[in-house]
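Shown next, in structure tokens, is the structure this report addresses.
The values are calculated or read from the model by the stated rules, or taken from the named source; none is laboratory data. Here the structure is a predicted model, which is why all the values come from computation and not from measurement. FYI the Cβ positions are ideal-geometry reconstructions off the backbone, even for glycines, and counts take in every protein chain you see. Ligands, DNA and RNA are stripped out before the accessible areas are found, and what is left, the full protein with its side chains, is counted by its heavy atoms. Shrake-Rupley method; radii C 1.70, N 1.55, O 1.52, S 1.80 Å.
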Amino acid sequence: MTDTKSSGLDVFAFPGSESAANALARNLQAPLHPITVHRFPDEEALVTLPDRHDADTAVIVCSLDRPDAKLAALLFAADQARCQGINRLGLVAPYLAYMRQDKRFHAGEAISSRTFASVLSHHFDFLVTVDPHLHRYSTLDEVFTIPSSVVSAAPAVAEWIAAKVERPLLIGPDSESAQWIEATAKLIDAPSCVLQKTRRGDADVSVSIPDIAAYRCHTPVLLDDIISTGRTMAAAVRQLVGAGGPAPVCIGVHAIFADDAYRMLCASGGGATVTCNTIVHVSNEIDVMPLVAAAIRALEQDQS
Ligand code: R5P
């Protein structure tokens, strides 16, 4: 490591988030450094940061899908970054985990979002993320004690829909998706509606029958923040197709796709399934990294 510090911002790529880190570094014209994580046979992690950088401010880019497998190594990386002289360290988590566990649904359950946010707040100075699942919390400030910037994928999603879908009708599969549906529909002046969801278990979901008789000439576009088991999307696809409409386009901001979810959703009768590049997946078609880079730039300007 050199003694002279640059005034700019460096980007560190956590394993698995290299493409997002690459895109950010390119957008920010910032130096990019890899973080390596070696797994010992007992699955403990050995984390290494390159010691040849002169960053004073840096971000670690780590999308937090499958968070339990990443968290310890991420914290080791953050602490090592401090040891190497980084004074201001941000976390860019294009997908932020545990936000759906925002209340004690049954007696004895941990409210994971609070603990997760508290641990991250302890190790980082700021957070940038894309469309976190804010449902019962109205802002991240309710759980994070560090400044955060929430990037909305809506402009990128709206641009994709406007370019690819003729006469779109935006449909949210549940009331929680209303915020994304409204923001996106407004940008392209498209009609929209929101269905009602009943979830009886992780993979047991049903949604209400849509009333779309007035939109026979439109292409239904299902939009949700997270596709995890894919059951929410698949239930909505089945209702729409069952109502005699055309196969809906399915758009998710965060492509979690647990187990066989992607295959199951593709086989459910819908049209194209498309996601944003917050989690690397074959369905990524919508690039939100320019928006993330703009948010980082704005945070840096506020700071200076
Ligand atoms: C929850 O309300 C979210 O907005 C998504 O609808 C949900 O996480 C999707 O989960 P799944 O794909 O497992 O049905």
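Excluding ligands, DNA and RNA, the accessible surface per residue across the chain is 46 Å² with a 1.4 Å probe. With the whole protein complex present, R199 retains an accessible surface near 120 Å², based on a 1.4 Å probe. Quantify how much of the Cα-Cα distance distribution of the chain extends past 34 Å, in percent. Summing the P(r) tail past 34 Å for the chain gives 25 percent. Each DSSP beta bridge with both residues in the chain is either parallel or antiparallel, and the antiparallel ones are about 15%. The simple spin-label model puts a point 7 Å past each Cα toward its Cβ; for E43 and K103 those points are separated by 3.3 nm. Proximity of backbone amide H atoms, modeled 1.01 Å from N, is registered between S149 and L127, V128, T129 at under 5 Å, excluding neighbours fewer than 5 places apart on the same chain. Rounded, prolate or oblate: pick one for segment 246-295, where a ≥ b ≥ c are the square roots of the eigenvalues of its C-alpha gyration tensor, a/c under 1.5 means rounded, and failing that, prolate if a/b is larger than b/c, else oblate. Here segment 246-295 falls in the oblate category. Other residues lying with their Cβ under 11 Å from the Cβ of S148 contribute a combined charge of -3, Lys and Arg counting +1, Asp and Glu -1. As a fraction of the 1.4 Å probe accessible area of the chain, surface on carbon and sulfur atoms comes out at 51 percent. According to the square roots a ≥ b ≥ c of the eigenvalues of the Cα gyration tensor, what is the shape class of segment 133-261, taking rounded for a/c under 1.5, prolate for a/b larger than b/c otherwise, and oblate for the remainder? Judged from the Cα gyration tensor, segment 133-261 comes out oblate (a/c at least 1.5, b/c at or above a/b). Label-to-label distance for A247 and S118 is 4.8 nm, based on points extended 7 Å past Cα in the beta-carbon direction.
From helices alone, the chain scores -9000 deg cm²/dmol at 222 nm; the rule is -39500 (n - 2.57) for each run of n ≥ 4 DSSP H residues, then divide by the residue total.
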